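> Have a look at the structure that comes next, please.
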Amino acid sequence: MREIIAAPFPGLDLRQHYGHHQSPAVRAGGLIFCSGMLPVDPHTGERHHGTLTSEAHVVLGNLKLLLESAGSSLDRLVQVHALIYDSIEYDVLNRVYRQYVAHGPPARTVWTAQIEAGFKIALDAIAAA
Amino acid sequence: MSARREIIAAPAGAPDPSQRGSPPASPAVRACDFIFVSGLTAVDLQTGERVSGTTASETRVILVNLKQLLEAAGSSLDRVVKVNVLIHSMLEAPNMNEVYARHFPDPPPARTVCGARLPEGVKVIIECTALA
């Protein structure tokens, strides 16, 4: 069975704000599959461009809100794909990321990609429900 | 109802996320009948040192380590369902593929290959999802 997870805050509804044809997350088979998380304001949907550090804090905060609204949490992440705009920021990413996955970090792969709207980071995540 | 989530420890010598200076990632996580494996780079499991080489040689090291990691977790290469391969240049895809074909059983799992800029001069990263 497939269950759509609605945005817990209006700003996290990227379909409403930006026309992205996607749901915030889908629960299926005991797992929660999240859409690519971006550094947008969870209340207004406004884009928060900044440093990789500041963008990563917003992205991970948004992921926390989304997972907790679905009855999961950052502690229940199983797999993360971290897309960053430049691999030179790998250590910078790790410094922020480490603060959010203190209890047994999920499997993770990091690579460099072009991210929409000139953002420096996007996170793609799967969590245990 | 919560699904069970279990961290799979690194085989001896592999980078351990609880150690200072290691990346904040577990080698693999088991949840809901699946094992999610982190993107692996070529590492010597005896010493923990990075092994720099060609795309082909790094692919071989990664797949030997992946086999060991999966088997230590009670799975195996023939239980892999999906693989993502990231390589520093798509021109190297045939070199990766030739080594890859020797390690995975026939019929092989689903796979996506893409070129990407990888951290710290790494030539290949391979991650996968397997049945537990």
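The values are calculated or read from the model by the stated rules, or taken from the named source; none is laboratory data. These numbers were taken from a predicted model, which means no experiment stands behind them. Cβ coordinates were reconstructed from backbone atoms using ideal geometry, including for glycine residues, and neighbour counts include every protein chain displayed.
> Could you count how many residues in segment A:7-30 are over 20 Å from B:Ala3 (Cβ atoms) and of a type in the set (Gly, Ala, Ser)?
3
> Please go through segment B:103-119 and pick out each residue that is without any contact (Cβ under 8 Å) to a residue 24 or more places away in the chain and under 15 Å from B:Glu58 (Cβ atoms).
Within segment B:103-119, B:Pro119 is the sole residue that qualifies.
> Now a separate question. Please determine, by comparing only the residues of segment B:43-68 that are of a type in the set (Ser, Thr, Tyr) and buried (at least 16 other Cβ atoms within 10 Å of the Cβ), which one is nearest to B:Arg102 (Cα to Cα).
B:Thr59
> Okay, next question. State all residues of segment B:80-95 that are surrounded by fewer than 16 Cβ atoms within 10 Å (Cβ to Cβ) and closer than 11 Å to B:Cys128 by Cα; if no residue qualifies, say none.
B:Val81, B:Lys82
> Just the residues that are buried (at least 20 other Cβ atoms within 10 Å of the Cβ) and within 7 Å of chain A (Cβ to nearest Cβ), please, taken from segment B:117-132.
Answer for segment B:117-132, where residues must be buried (at least 20 other Cβ atoms within 10 Å of the Cβ) and within 7 Å of chain A (Cβ to nearest Cβ): B:Leu118, B:Pro119, B:Ile125, B:Glu127.
> Give me the residue from segment B:32-63 that is in a strand (DSSP E or B) and not β-branched (Val, Ile, Thr) and, out of that set, farthest from A:Gly104 (Cα to Cα).
So, considering only residues that are in a strand (DSSP E or B) and not β-branched (Val, Ile, Thr), the one farthest from A:Gly104 (Cα to Cα) is B:Arg50.
> A follow-up question, please. Hey, can you tell me all the residues within segment A:3-33 that are within 14 Å of chain B (Cβ to nearest Cβ) and either surrounded by 18 or more Cβ atoms within 10 Å (Cβ to Cβ) or among the polar types (S, T, N, Q) (or both)?
A:Arg27, A:Leu31, A:Ile32
> What pairs can you find where one residue is in segment B:23-51 and in contact (Cβ under 8 Å) with a residue 60 or more places away in the chain, the other is among the charged types (D, E, K, R), and their Cβ atoms are less than 6 Å apart, with a gap of 6+ or different chains?
Within 6 Å, the pairs are B:Arg30/B:Glu6; B:Val37/B:Glu127; B:Ser38/A:Arg108; B:Gly39/B:Glu127; B:Ala42/B:Glu58.
> Within segment B:102-114, can you find the residues that are within 14 Å of another protein chain (Cβ to nearest Cβ) and exposed (fewer than 15 other Cβ atoms within 10 Å of the Cβ)?
B:Thr112, B:Cys114
> Output yes when any residue across segment A:103-126 is at the interface with chain B (Cβ under 9 Å from one of its Cβ atoms), within 20 Å of A:Gly29 (Cα to Cα) and under 11 Å from the mean Cα position of the chain (by Cα), and no when none is.
Yes, segment A:103-126 has at least one match.
> Checking the condition hydrophobic (A, V, I, L, M, F, W, C), farther than 26 Å from A:Phe33 by Cα and either in contact (Cβ under 8 Å) with a residue 12 or more places away in the chain or in a helix (DSSP H, G or I) (or both), which residue from B:Leu66, B:Leu91, B:Leu86 passes?
B:Leu91
> Continuing with this model, one more query. Within segment A:67-92, which residues are in contact with a Lys or Arg (Cβ under 9 Å, 6 or more places away or on another chain), more than 25 Å from A:Ala7 (Cα to Cα) and of a type outside the set (Gly, Ala, Ser)?
Across segment A:67-92, the qualifying residues are A:Tyr85, A:Asp86, A:Glu89.
> Could you list, in sequence order, the residues of segment B:79-116 that are closer than 13 Å to B:Thr55 by Cα and polar (S, T, N, Q)?
Selection gives B:Ser89, B:Asn95, B:Asn97.
A quick yes/no check of all residues on (1) modelled with pLDDT under 95; (2) in contact with a strand residue (DSSP E or B) (Cβ under 6 Å, 6 or more places away or on another chain); (3) within 13 Å of chain A (Cβ to nearest Cβ); (4) more than 28 Å from A:Val92 (Cβ to Cβ):
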| site | (1), (2), (3), (4) |
| --- | --- |
| B:Ser2 | yes, no, yes, yes |
| B:Pro15 | yes, no, yes, no |
| B:Arg20 | yes, no, yes, no |
| B:Asp44 | yes, no, no, no |
| B:Gly48 | yes, no, no, no |
| B:Tyr100 | no, no, no, yes |
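> If you don't mind, there's one more thing I want to ask. Cβ-Cβ under 8 Å, sequence separation 6+ or interchain: first residue in segment A:98-111 and farther than 13 Å from A:Lys64 by Cβ and touching a residue at least 12 places away in the same chain (Cβ under 8 Å), partner charged (D, E, K, R) and buried (at least 18 other Cβ atoms within 10 Å of the Cβ). Which pairs?
A:Ala107/B:Glu127; A:Thr109/B:Glu127
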